[in-house]
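Let me begin by presenting the structure, written as structure tokens, before commenting on it.
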Amino acid sequence: MNVTASLAPAGLPQDATGSARIDHLVMLNLVEPGSRVLDVGCGDGSLLALLRDRRGVDGRGIELSREGVNACLAHGLPVIQGDADTDLAAYPDDAFDYVILSQTIQATRQPKEVLEHLLRIGRHAIVSFPNFGHWRVRSELMLRGRMPVTDTLPDPWYATPNIHHCTIRDFVGLCRLVGARIERASALDASGHPMRFALPWWVWNLVGTQGVFLLRRG
Amino acid sequence: MATPLLKPGVDPASQAVEPTSPVALFGADEALAMDAGMDLAPWQIAYQTAGTLNEARSNAVLVCHALTGDQHVVNTHPVTGKPGWWERLVGPGKPVDTDRYFVICANVVGSCMGTTGPASLNPATGRAYGLDFPLVTIRDMVRGQAMLLDRLGIKDLFLCIGGSMGGMQVLQWAASYPERVFAAMPIATGARHSAQNIAFHEVGRQAILADPNWHGGRYLDVGTRPAKGLGVARMGAHITYLSEPALHRKFGRRLQDRDAPTFSFDADFQIESYLRHQGITFVERFDANAYLYLTRAMDYFDLAADHGGVLANAFRGTRTRFCIMSFTSDWLFPTADSRAIVHALNAAAAPVAFVEVESDKGHDAFLLDEPAMISAAKGFIAAAARERGL
């Protein structure tokens with residue numbers, strides 16, 4: 001594994017007790033101040049607003065839902081209503097310092113192509129996703145024989161927008177396939193906090209509910 | 001078909017000569033340089049304003065009207081007596097809030113509501129210009145609006161907003177005068193007029209040219225009007241502004257004031273009588289030659305072609321904030337046209353927002369009560385106002 005560093009919780013801002021989601025605060029720490037950021041699947045823009053307000057980031061977003069786009073507009077965020085699977089192709093190379101895909105890759109039709117676009121459009125890519133290798137997910141399948149419903153995977157199988165689940169280990173494999181260098185990586189525990197120690201991958205893959213990766217073109 | 005297409009006593013050219021709007025007059029030394037290669041002078045531009053310009057002159061909003069629109073965006077129309085054409089979006093407490101912003105809407109060059117156009121008197125001949133008027137482009141319209149703003153002492157706009165042909169003007173404003181536009185909102189528009197749209201316009205123009213009352217464009221001298229041709233042009237165009245679901249919901253195949261078809265060419269169907277009504281009322285307020293000129297201006301519009309074939313070059317280095325909006329059932333300016341603009345703005349690293357409003361009302365949706373459009377516009381404009389400190 002060419003992991004250069006893991007995320008230390010000590011790096012969290014002092015005011016991490018605010019309303020911001022902890023996984024958002026983890027991402028905040030990965031982004032250099034004043035950089036240009038594209039958030040793909042930005043939802044209501046809360047991460048973009050956080051990046052703008054705390055890091056002075058020039059942020060843009062792509063969001064599928066009109067509700068999300070409207071919420072972003074009202075916050076003064078430039079957000080495009082669109083689809084990661086089709087719209088990323090239109091962005092020029094090296095247009096952004098960071099392209100973020102937060103809890104979205106599992107809902108794309110072509111995760112590999114999307115990831116390749118992220119690495120082309122941004123100098124860095126930041127990807128977070130629910131870890132399908134988490135022990136609770138595994139035990140739901142193994143012991144009860146049912147598709148798991150957890151905090152990070154809250155929808156029943158027939159109503160989930162997620163179509164391409166992966167585990168932390170799977171994602172590392174995809175990174176290798178598309179030639180992405182993993183600059184930093186972390187797993188978040190059930191409460192969304194980065195796991196405290198630099199643990200081996202198999203532990204993260206078992207007990208991490210989410211994976212967060214900072215990537216760079218190979 | 002007994003319905004006359006022109007009511008007696010109505011003179012659509014009267015506003016061209018004696019508008020009931022404020023007018024900025026430009027003399028022989030203040031010519032409008034036209035893309036067609038000639039200087040238009042003297043010339044005038046008619047406009048309406050609403051709201052109050054603040055001390056810093058930083059709250060000006062330019063509303064750009066569509067093909068057959070005019071400056072009467074929030075005030076009662078002097079010819080039709082109808083309320084302003086965009087009262088849903090512009091007015092006190094509306095997204096373009098006239099309590100906060102100073103709204104200017106000018107009649108474009110080439111039109112017939114008080115700005116110099118083919119129905120205006122040509123000082124060289126003492127008659128209406130007719131076809132002696134130079135061909136007008138979207139850029140000419142915008143150049144004229146810029147001269148009006150100079151006259152009004154407005155250095156830059158807080159917001160430039162418009163739909164359809166008005167949206168083309170907004171894009172042209174952002175390309176021609178990026179430093180004068182803080183925020184831009186082109187709605188239901190495109191960076192160029194498509195071949196299909198040019199084709200529809202050509203059908204309309206041919207209807208006017210084929211009317212025996214057109215007299216080679218000199219109908220005002222003769223005292224006639226190509227009312228049938230203009231009415232037909234409007235009927236055809238009106239269909240393109242709607243959508244099949246909207247037409248079906250409104251009219252279906254229902255008959256008009258009868259229980260059975262008459263086996264004639266009477267307006268048996270409600271949709272026929274509706275279109276005839278649209279044609280007639282249009283003739284009352286619009287000049288046929290102006291229709292020829294303005295449709296041509298839209299046809300010629302191709303912002304990418306003006307910038308080496310690369311649309312992104314039109315917006316290179318811009319600091320204007322954009323909000324692009326399209327409607328799902330608009331087949332005149334489909335969402336793909338808006339996306340092309342969005343992609344170009346992305347390539348130019350411009351701050352751009354894009355909303356596709358779900359609507360079955362077709363192209364006309366931008367003029368109608370679409371809550372999703374209104375709330376998105378409200379959000380974008382309010383945030384831009386905060387950024388500008390308004």
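Each value in this text was obtained by applying a stated rule to the coordinates, not by laboratory testing. From a predicted model like this one, the values you see are computed outputs, not experimental measurements. In this analysis, Cβ positions are derived from the backbone assuming ideal geometry, glycine residues included, and neighbour counts consider all displayed protein chains.
How many nm separate the modelled label positions at A:Glu67 and B:Ala305, each set 7 Å beyond the Cα in the direction of the Cβ?
With each label placed 7 Å out from Cα toward Cβ, I get 4.5 nm.
With no solvent and one equal point scatterer per Cα, compute the Debye intensity ratio I(q)/I(0) for the range B:310-390 at 0.18, 0.20 Å⁻¹ and report its log10, rounded to two decimals.
-0.81, -0.94
Hey, what's the per residue convex hull volume over the C-alpha atoms of the range A:116-218, in cubic angstrom?
Numbers: hull volume 10.9 nm³, N = 103.
Per-residue hull volume (Cα only) is 106 Å³.
From the P(r) of the range B:68-125, can you give the percent of Cα pairs sitting at distances over 17 Å?
Tail fraction, whole percent: 47.
Among bridges DSSP assigns within the protein assembly as shown, what percent are antiparallel (round to 5)?
Values: 30 of 77 bridges.
Beta bridges within the protein assembly as shown, antiparallel portion: roughly 40 percent.
Just the number, please: Stokes-Einstein D of the range B:1-141 in µm²/s, Kirkwood Rh from C-alpha pairs, 37 °C, 0.692 mPa s. Intermediate values should be presented prior to the final figure.
Working: Rh = 16.4 Å.
In µm²/s, the coefficient is 200.
Residues with beta-carbon under 10 Å from that of A:Leu77, excluding A:Leu77: net charge, scoring Lys, Arg +1 and Asp, Glu -1? Please report the intermediate quantities before stating the final value.
Values: positive: A:Arg52, A:Arg60; negative: A:Asp39, A:Asp44, A:Glu63.
Once all neighbours under 10 Å are counted, the net charge is -1.
Set the Förster radius R0 to 45 Å, insert the Cβ-Cβ distance between B:Leu25 and B:Trp331 as r into 1/(1 + (r/R0)^6), and round the FRET efficiency to 0.05.
Working: r = 41 Å, r/R0 = 0.91.
Once rounded, the FRET efficiency stands at 0.65.
Hey, got the average number of other protein chain Cβ atoms within 10 angstrom for residues in A:78-85?
Mean partner-chain Cβ count within 10 Å for A:78-85: 6.
So if the hydrodynamic radius of the range B:217-265 is defined as the Kirkwood radius over C-alpha pairs, what does Stokes-Einstein give as its diffusion coefficient at 37 °C and 0.692 mPa s, in µm² per second?
Values: Rh = 14.0 Å.
Rounded, D is 235 µm²/s.
Let me confirm one metric for peptide B:377-389, namely the mean number of other chain beta-carbon atoms within 10 Å of its residues' beta-carbons.
Values: counts 1, 3, 9, 8, 1, 4, 7, 2, 1, 2, 1, 0, 0.
Mean shielding count: 3.
When a footprinting reagent is the concern and you count Cβ atoms within 10 Å, what order do A:His124, A:His164 take, fewest first? Before the final figure, lay out the partial values.
On the way: A:His124 23, A:His164 16.
Sorted ascending by nearby Cβ count, the order is A:His164, A:His124.
Let's see if you can work this out: charge +1 on each Lys and Arg Cβ, -1 on each Asp and Glu Cβ, no other charges. What is the dipole magnitude of the range B:212-312 about its Cα centre, in debye to the nearest 20? If you can, show how the numbers build up before the last one.
Working: 12 positive and 12 negative charges, 44 e Å.
It comes to approximately 220 debye.
What is the magnitude of the charge dipole of the range B:112-256 about its Cα centre, with +1 placed on the Cβ of each Lys and Arg, -1 on the Cβ of each Asp and Glu, and no other charges, expressed in debye to the nearest 20?
On the way: 16 positive and 9 negative charges, 100 e Å.
For this selection, approximately 480 debye.
Which whole-number value in Å³ per residue fits the convex hull of the alpha carbons of chain B? Please report the intermediate quantities before stating the final value.
Working: hull volume 53.4 nm³, N = 390.
Per residue, the Cα convex hull of chain B comes to 137 Å³.
Which whole-percent values make up P(r) of chain A when all C-alpha to C-alpha distances are grouped in 10 Å steps starting at zero?
Reading upward from the zero bin: 8, 35, 39, 16, 1.
For the range B:258-315, taking Cα atoms only, what is the radius of gyration to one decimal and the Dmax to the nearest whole Å?
When restricted to the Cα atoms of the range B:258-315, Rg and Dmax are 20.3, 59 Å.
Averaging over every viewing direction, what projected area does the convex hull of the Cα atoms of the range A:59-115 cover, in nm²?
On the way: hull surface 16.4 nm².
Result: 4.1 nm².
Looking at the calculated P(r) for the protein assembly as shown, what percent of the C-alpha pair distances fall above 36 Å?
45 percent
Using unit Cβ charges (K, R positive; D, E negative) and no other charged atoms, how large, in debye to the nearest 20, is the dipole of chain B about its Cα centre?
On the way: 34 positive and 39 negative charges, 91 e Å.
The dipole magnitude comes to about 440 debye.
Once the convex hull of the C-alpha atoms of the range B:136-204 is built, how many Å³ does it hold per residue, rounded to a whole number? Write down the numbers at each step before the final one.
Values: hull volume 6.0 nm³, N = 69.
Convex hull of Cα atoms, per residue: 87 Å³.
What are the equivalent ellipsoid semi-axes of the range B:247-346, built from the alpha-carbon gyration tensor (square roots of five times its eigenvalues), in whole angstrom, biggest first?
Details: eigenvalues 342, 70, 23 Å².
Working through the eigenvalues yields semi-axes of 41, 19, 11 Å.
If we sort B:321-327, B:180-186 on the protection proxy, mean other Cβ atoms within 10 Å, highest first, what's the order? List each step's numbers first, then the result.
On the way: B:321-327: 27.0, B:180-186: 24.7.
Highest-to-lowest ranking by the protection proxy: B:321-327, B:180-186.
Of all the Cα-Cα pairs you can form in the range A:70-177, what percent are over 21 Å apart? List each step's numbers first, then the result.
Values: 2568 of 5778 pairs.
Roughly 44 percent, once rounded to a whole number.
Report the FRET efficiency, 1/(1 + (r/R0)^6), for A:Val203 and B:Glu358, where r is their Cβ-Cβ distance and R0 is 45 Å, rounded to 0.05.
On the way: r = 46 Å, r/R0 = 1.02.
Efficiency, rounded to the nearest 0.05: 0.45.
Cα atoms only, the range B:165-294: Rg and Dmax in Å?
18.4, 62
Express the Stokes-Einstein translational diffusion coefficient of the range B:300-340 in µm² s⁻¹, to the nearest whole number, given a Kirkwood radius over alpha-carbon pairs, 37 °C and a viscosity of 0.692 mPa s. All intermediate terms of the calculation are to be shown ahead of the outcome.
Numbers: Rh = 11.8 Å.
Using the Kirkwood radius from Cα pairs, D works out to 279 µm²/s.
Shielding of A:87-94 by partners, i.e. mean partner chain Cβ atoms within 10 Å per residue? Don't jump to the answer; show the numbers that get you there.
Values: counts 5, 0, 1, 7, 3, 6, 0, 0.
Across the residues of A:87-94, the mean count of other-chain Cβ atoms within 10 Å is 3.
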